[in-house]
Amino acid sequence: MRSSLSAGRLLILGAWVVAGAATISTRAVAQELRDAYHQPPRDTVDQATYDGWKQFNLNCARCHGEDALGTSFAPHLILSLKPDGPINTKELFVQTVCAGRPTKGMPSWCALGLDMDKINDIYLYVKGRSDAKLAPGRPAVKPTG
């Protein structure tokens with residue numbers, strides 16, 4: 001009976017050792033994830049700008065490129081929203097997104113059901129990128145309260 005009690009204690013002790021090693025290993029893995037591909041966000045933005053980043057990635061990035069940098073068939077929005085760019089006001093931006101540019105292959109996002117709040121949020125994100133207030137990549141949301 002004594003040997004079975006000792007075996008039980010050894011089993012419990014072994015479980016604690018394994019659990020402790022797993023915790024240390026998990027922390028080490030979390031540290032290793034902070035490599036060039038897993039960096040923490042560099043910018044902290046309000047909820048509306050963050051929602052704009054999400055909506056941009058859902059609706060616009062496939063043509064206008066990740067981080068609004070443009071592609072071979074859709075313009076570089078950072079340049080387009082500059083003061084000397086073709087879409088240099090919020091009104092022009094909203095009008096262009098809402099009506100689209102069918103001759104250039106851009107759909108009318110209002111006709112597709114994208115509401116004005118989301119278009120305004122997209123503008124906040126793209127304007128932040130154009131004004132160099134936001135770095136490329138995913139921003140963090142500023143805590144409220």
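The values are calculated or read from the model by the stated rules, or taken from the named source; none is laboratory data. Treat the numbers as computed from the prediction; the structure is a model and nothing was measured. Cβ sites come from the backbone with ideal geometry, for glycine too, and all protein chains shown count toward neighbours. Ligands, DNA and RNA are excluded from the accessible area calculation, which covers all protein heavy atoms including side chains. Shrake-Rupley method; radii C 1.70, N 1.55, O 1.52, S 1.80 Å.
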Check: Is it the case that residue 39 is modelled with pLDDT of 95 or more and farther than 30 Å from residue 104 by Cα?
Finding: no
Checklist line | Residues that are surrounded by fewer than 14 Cβ atoms within 10 Å (Cβ to Cβ) and of a type outside the set (D, E, K, R), drawn from region 65-84 | finding: 71, 72, 73, 83
Note to self: When you check residue 68 against the structure, is it small (Gly, Ala, Ser), in contact (Cβ under 8 Å) with a residue 12 or more places away in the chain and within 20 Å of residue 139 (Cβ to Cβ), yes or no?
What the structure shows: yes
Note to self: Which residue is farthest from residue 71 (Cα to Cα), if the candidates are limited to region 90-109 and must be assigned to a helix (DSSP H, G or I) and charged (D, E, K, R)?
What the structure shows: 91
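Quick grid of which residues meet (1) closer than 30 Å to residue 41 by Cα; (2) open to solvent by 60 Å² or more (accessible area, probe 1.4 Å):
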site	(1), (2)
103	no, yes
109	yes, no
114	yes, no
118	yes, yes
131	yes, yes
139	yes, no
Notebook entry, point to check: Can you find even one residue in region 127-134 that is among the basic types (Lys, Arg), part of a helix (DSSP H, G or I) and within 14 Å of residue 49 (Cα to Cα)?
Noted result: yes
Next item on the list: State whether one or more residues within region 77-87 are among the small types (Gly, Ala, Ser), closer than 27 Å to residue 119 by Cα and either at pLDDT below 75 or over 23 Å from the mean Cα position of the chain (by Cα) (or both).
Entry: yes
Checklist line | Checking residue 87 against (1) surrounded by 14 or more Cβ atoms within 10 Å (Cβ to Cβ); (2) in contact with a Cys (Cβ under 8 Å, 6 or more places away or on another chain); (3) assigned to a loop (DSSP other than H, G, I, E, B), the condition it does not meet | finding: (2)
